[in-house]
Number of protein chains: 2
Amino acid sequence: MLRQCLQTFLRLASTRASQAPVNKTHKFYVKLIGGGTVLYQFSLFGLGGSRTYDMDSADSWMAKPITDLEYLKENSQDMKCRVEALIMRIQAEFCHALEKEEQQEGGKKFIVDKWDREQGGGGITCVLQDGTVFEKAGVNVSVVSGFLPPSAMQQMRARGKKLEGDKVKFFAAGVSSVIHPKNPHIPTVHFNYRYFEVESENGEKQWWFGGGTDLTPNFLEEEDVVLFHKALKKACDRHDKQLYPKYKKWCDDYFHVKHRGERRGVGGIFFDDVDEPSADKCFDFVTSCAESVIPSYLPIVQKHKKDTYSYKEREWQLLRRGRYVEFNLIYDRGTKFGLYTPGARFESILMSLPLNARWEYMHKPAPGSREAKLVEVLKNPKDWI
Amino acid sequence: MLRQCLQTFLRLASTRASQAPVNKTHKFYVKLIGGGTVLYQFSLFGLGGSRTYDMDSADSWMAKPITDLEYLKENSQDMKCRVEALIMRIQAEFCHALEKEEQQEGGKKFIVDKWDREQGGGGITCVLQDGTVFEKAGVNVSVVSGFLPPSAMQQMRARGKKLEGDKVKFFAAGVSSVIHPKNPHIPTVHFNYRYFEVESENGEKQWWFGGGTDLTPNFLEEEDVVLFHKALKKACDRHDKQLYPKYKKWCDDYFHVKHRGERRGVGGIFFDDVDEPSADKCFDFVTSCAESVIPSYLPIVQKHKKDTYSYKEREWQLLRRGRYVEFNLIYDRGTKFGLYTPGARFESILMSLPLNARWEYMHKPAPGSREAKLVEVLKNPKDWI
C-alpha cells in the first residue's frame, strides 16, 4: 500500500499535475525545489478509490450535479450514481487545472451552463472562449435518460447489441472535452469517458463503458507525444498490459479522416463496449484513464504556452483546425449520434469545434518542412513507446 | 420570335449580366445610358438554343473538355455530349464574369486544374482564392462514369430509382459552384446543375436532371433577395409557371440546418429527378436556370463590393460561414455522396468550404439587430415575390 502511494506520488510529481481543489482527506502538499507549493491528489484507497471518493469532492464541482447530491450519496452502490459523481469530479479537476494555466497569464475563467433535457436528465457545459492560453476550451458533462430513438437503436444493433422491441430505455452519462489552445505549438486534446445502460421491453439489461483520450498537434514534437502516450499507457497497464496496444490501435483506426487518408492527430487510446471482467473493474479502469488526462496534457501546455510563433505557423494551425472540423462533422459517431437525437443540446455537442478554422484549396506543405513531417505521421501512424 | 428576343434582351439589360466571351454570332452590343459598352448574350434559336450553340463557345472554355471536342461535335444529338458542352460554357461564362469584377479591383485570376478520374472521366476545377473581391470562389465541372458504388445505389433506390442487379453503369455530368466574397455585405451564392444516366444489368436505362441556385447573405437586404428570386422565377416561368413555387419550397426544405432549426440562407430553387416532359425540354429548362446565375447574382456583387464594413460585421460573416460548413459537411447529399465515392476528388468537393470560418459557443445576436433579423428569416422562410 505504501509502495503504491509512493509510486503514485512520484508519477504525479514527475508530470506536474494540476492544483485541483479536492477533498482535504485526499490532498498531499509537496514542496518542489525551485517551485511553489504544489498540491497533488491521489486515492488513498488504491485503484479507483473508495465508493464515496468521487462524491466527497462535491464541494469543488462546477455546479450542482444533474441528480440530487443526497440521492447520489444514498445510492453510492448504484453504477449510474458512481459514474455521475466520477464525471463531475473529472470535469471540475480539469477545468480548475486549465483555469490555473489561463489565470497565470491574466486570462479568462470558465463560464458554466447548467441545462435540462426535456426528455430526461441534463448537463453542465463549461466553456472558456477566446482566452489568453486557450482559444476554445469546452468540458461537458451530461447525464441523460429516456427511450432510444430509432436511429440510435439501429446503430447499436449494428454494433451487436441485443435490443428487443421498439421501446428501449436508456441511461447515458459521460464527460467530454476538447481543448483548442491559442498557441500553435500546444496541441489540441480531446477526451470522452462514458457509461451506457439499456433495457429492452422484456426487461433485459445491458451496460458498457466507452471512452478515450487523443492528441492533435500542429507540429510534431516527439517528446510531447511520447509523454502523452506514456501517461495513457501507465493508466492502462495498471489494469491489463494488453489494453494500451489494443486501444492505441483502435484510436488510430477511429480518428481517420478517410477522404484525406490522414488520421486526425497522433492518437492516444479509444475503446467502446467495454463490459468485462466486471462493472467494478471497468469503472476502475475508466477512472484511471480519466485521471490520466491532466498528467498527459498539462505538462505540454506548460512547456509551450509562452512559445513564440509566426503568422505562417498560426495559418497552419487554422488549416489543421479545418481538418478537425471535417472529422467531427463527417465521421465522428458521437457528434452524429448527438445531432440526430431529438432534444439534443447542439451547442454542447458543437462546442468541440474550434473558434477559428480555415480551408485552402490544394494546400500542400513544402517537402521536408515541419508541416510535411506532421502530415507524414498522420498518414502513417507509428508506435510512440 | 422577335418579341421573345426583345424580352430576353430587356431582361438581361435590366439585370446587367456579365461580359462573358461567347461566340460572335450570339453577341449583342448595347450602349447603356451612363454606362460603357455592355455585351449581352442570348440564344437566337429560342429557349435552350441550337444543338451546337454550347459547343460553338468552345474557344472561351476554361480548359479542353473532358471528352474530346471533336467527339462532342460529332455526337451533338447525344444528351451526354450536349450537357458536357453546356456545363463547359456555363463554367466559362461565370468564371469570366467573376474575374472581371475581381480584376477591376486589381485582384486575382482563377487557377484552372484539369484532373482525371481513375475509374473514368474527370473534371475541371477553377478556384480563385484570397482575392480582392472574392475570398474563395470555386467553379467546378465534372464528367464521370463507371459503376455505381453500393452506397450510391442504396441512396438512389431509397429515392425510388429502379436499379436491377449489382452492376449498374452510371454517367454523371454537372457544374457546381460556391462563391464566398470577402465583403460581408455580398452574399454567398451556390449553384449546381447536373445530368445523370444509369443503366441496369438488364439494359434498362434511366436519366434525370437535378440542380438549383441559392443565396446565403450575412445581412438581410430585401432588395437583393427579391432581385435574386425574380431572376430565378423568370428562368422557371418561361417553361412552366408552376415550377418556381415548387422548386422554391424544395430549396427551403433542402437547405435546412436541422439541429439549429435554421435554413442555410434565403433560398432560391432546388430540384432533382426531373425527367418530364421530355429530355429536350428538361435540357432547355436546366439551360435557362444555369443562364440565370449571372443576372441573379452579379448585380448584387457589383452593388456591394465597395461597401465599407466593421470588424463586428466581418466576425458575424465568419460565424455564418461556420453554419455553412455545418450544412455542407453534415447534411449536404452531394458532399456526402462525393466523399463516400471511391476515387472522388475531395479537393474539388471541399472547394465549397469557406477560406475562414468561426464557431462561438452560444452566440446570440442582440434582439432587434440586423443579425437577429437575418436569423429570424432563416428560421421562418418567406416568399420574396
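In the list A:Phe327, A:Phe346, which residue meets the criterion of being among the hydrophobic types (A, V, I, L, M, F, W, C), at pLDDT below 95 and under 25 Å from A:Gly174 (Cβ atoms)?
Answer to the selection: A:Phe346.
Filter the stretch A:291-324 for residues that are away from chain B (no Cβ under 13 Å) and of a type in the set (Phe, Trp, Tyr); which is nearest to B:Leu353 (Cα to Cα)?
Among those residues, the one meeting the criterion is A:Trp316.
Residue under question is A:Pro381, and the condition is that it be assigned to a loop (DSSP other than H, G, I, E, B), within 9 Å of chain B (Cβ to nearest Cβ), surrounded by 19 or more Cβ atoms within 10 Å (Cβ to Cβ) and not hydroxyl-bearing (Ser, Thr, Tyr); does it hold?
Criteria not met by A:Pro381.
B:Tyr195 versus (1) closer than 22 Å to B:Phe134 by Cα; (2) touching a residue at least 40 places away in the same chain (Cβ under 8 Å): which is the lone unmet condition?
Only one criterion is unmet by B:Tyr195, namely (1).
Assess whether B:Asp332 counts as being under 26 Å from the mean Cα position of the chain (by Cα), among the acidic types (Asp, Glu) and within 25 Å of B:Met156 (Cα to Cα).
So B:Asp332 fits the description; yes.
Can you find even one residue in the stretch B:182-189 that is of a type in the set (A, V, I, L, M) and surrounded by fewer than 23 Cβ atoms within 10 Å (Cβ to Cβ)?
no
How many residues, within the stretch B:325-337, are more than 7 Å from chain A (Cβ to nearest Cβ) and out of contact with any strand residue (DSSP E or B) (no Cβ under 6 Å at 6 or more places or on another chain)?
Residues that pass the stated criteria total 8.
With respect to the numbered conditions (1) part of a helix (DSSP H, G or I); (2) touching an Asp or Glu at 6+ places or on another chain (Cβ under 9 Å), which one is the sole condition not fulfilled by A:His239?
(1)
Any idea how many residues of the stretch B:376-385 are closer than 13 Å to B:His256 by Cα and either touching a residue at least 40 places away in the same chain (Cβ under 8 Å) or touching a Leu at 6+ places or on another chain (Cβ under 9 Å) (or both)?
Of the residues in that region, 4 qualify.
Please determine whether any residue of the stretch B:277-285 is in a loop (DSSP other than H, G, I, E, B), away from chain A (no Cβ under 14 Å) and out of contact with any Gly (no Cβ under 7 Å at 6 or more places or on another chain).
yes
How many residues are over 19 Å from B:Asp284 (Cβ atoms) and among the basic types (Lys, Arg) if we restrict to the stretch B:51-75?
Selection size over the stretch B:51-75: 2.
Residues A:Glu376, A:Glu371: which one is exposed (fewer than 14 other Cβ atoms within 10 Å of the Cβ), more than 9 Å from chain B (Cβ to nearest Cβ) and not hydrophobic (A, V, I, L, M, F, W, C)?
Unique residue meeting the criteria: A:Glu376.
If I go through the stretch A:257-288 residue by residue, how many of them are among the charged types (D, E, K, R), crowded, with 20+ Cβ neighbours inside 10 Å and under 20 Å from the mean Cα position of the chain (by Cα)?
The number of residues fulfilling the criteria is 2.
Could you list all residues from the stretch B:306-315 that are closer than 13 Å to B:Ile186 by Cα and in a loop (DSSP other than H, G, I, E, B)?
B:Lys306, B:Asp307, B:Thr308, B:Tyr309
Collect the residues in the stretch A:175-212 that are at positive phi and either at pLDDT below 95 or part of a loop (DSSP other than H, G, I, E, B) (or both), keeping them in residue-number order.
Once the filter is applied, which keeps residues that are at positive phi and either at pLDDT below 95 or part of a loop (DSSP other than H, G, I, E, B) (or both), the stretch A:175-212 yields only A:Gly203.
Mind listing whichever residues of the stretch B:85-121 are of a type in the set (Gly, Ala, Ser) and over 19 Å from the mean Cα position of the chain (by Cα)?
Within the stretch B:85-121, B:Gly106, B:Gly107, B:Gly120, B:Gly121 qualify.
Output the residues belonging to the stretch B:342-376 that are of a type in the set (S, T, N, Q) and closer than 22 Å to B:Arg314 by Cβ.
B:Ser352, B:Asn356, B:Ser369
Filter the stretch A:225-278 down to the residues that are under 24 Å from A:Gln302 (Cβ atoms) and β-branched (Val, Ile, Thr) and list them by number.
A:Val225, A:Val226, A:Val266, A:Ile269 - these are the residues of the stretch A:225-278 that are under 24 Å from A:Gln302 (Cβ atoms) and β-branched (Val, Ile, Thr).
Looking only at the stretch B:352-364, which residues are within 8 Å of chain A (Cβ to nearest Cβ) and in contact (Cβ under 8 Å) with a residue 24 or more places away in the chain?
Residues satisfying the conditions are B:Leu353, B:Pro354, B:Leu355, B:Asn356, B:Ala357, B:Arg358, B:Trp359, B:Glu360.
Checking the structure you have, find out if any residue of the stretch B:316-333 is surrounded by fewer than 19 Cβ atoms within 10 Å (Cβ to Cβ), touching a residue at least 40 places away in the same chain (Cβ under 8 Å), out of contact with any Leu (no Cβ under 8 Å at 6 or more places or on another chain) and not in a helix (DSSP H, G or I).
no
In the stretch A:348-362, is there at least one residue being more than 24 Å from the chain's Cα centre (by Cα) and aliphatic (A, V, I, L, M)?
Yes, some residue in the stretch A:348-362 is more than 24 Å from the chain's Cα centre (by Cα) and aliphatic (A, V, I, L, M).
Kindly state which strands (runs of 3 or more DSSP E) lie completely within the stretch B:41-153 and contain at least 1 residues that are within 14 Å of chain A (Cβ to nearest Cβ), free of Cβ contacts under 8 Å to residues at least 12 places away in the same chain and in contact with a Cys (Cβ under 6 Å, 6 or more places away or on another chain).
none
State whether the residues of the stretch B:338-351 include one that is surrounded by fewer than 16 Cβ atoms within 10 Å (Cβ to Cβ), assigned to a helix (DSSP H, G or I), more than 9 Å from chain A (Cβ to nearest Cβ) and touching a Lys or Arg at 6+ places or on another chain (Cβ under 9 Å).
Scanning the stretch B:338-351 turns up no residue that is surrounded by fewer than 16 Cβ atoms within 10 Å (Cβ to Cβ), assigned to a helix (DSSP H, G or I), more than 9 Å from chain A (Cβ to nearest Cβ) and touching a Lys or Arg at 6+ places or on another chain (Cβ under 9 Å).
Let's see how each residue does on (1) out of contact with any Pro (no Cβ under 7 Å at 6 or more places or on another chain); (2) surrounded by 22 or more Cβ atoms within 10 Å (Cβ to Cβ); (3) in a helix (DSSP H, G or I):
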site: A:Asp214; (1), (2), (3): yes, yes, no
site: A:Leu227; (1), (2), (3): no, no, yes
site: A:Leu232; (1), (2), (3): yes, yes, yes
site: A:Ala235; (1), (2), (3): yes, yes, yes
site: A:Lys246; (1), (2), (3): yes, no, yes
site: A:Cys251; (1), (2), (3): yes, yes, yes
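The values are calculated or read from the model by the stated rules, or taken from the named source; none is laboratory data. Just so you know, these numbers come straight off a predicted model, no measurement behind them. For neighbour counting, all protein chains shown are included, and Cβ atoms are generated from backbone atoms with ideal geometry for every residue, glycine included.
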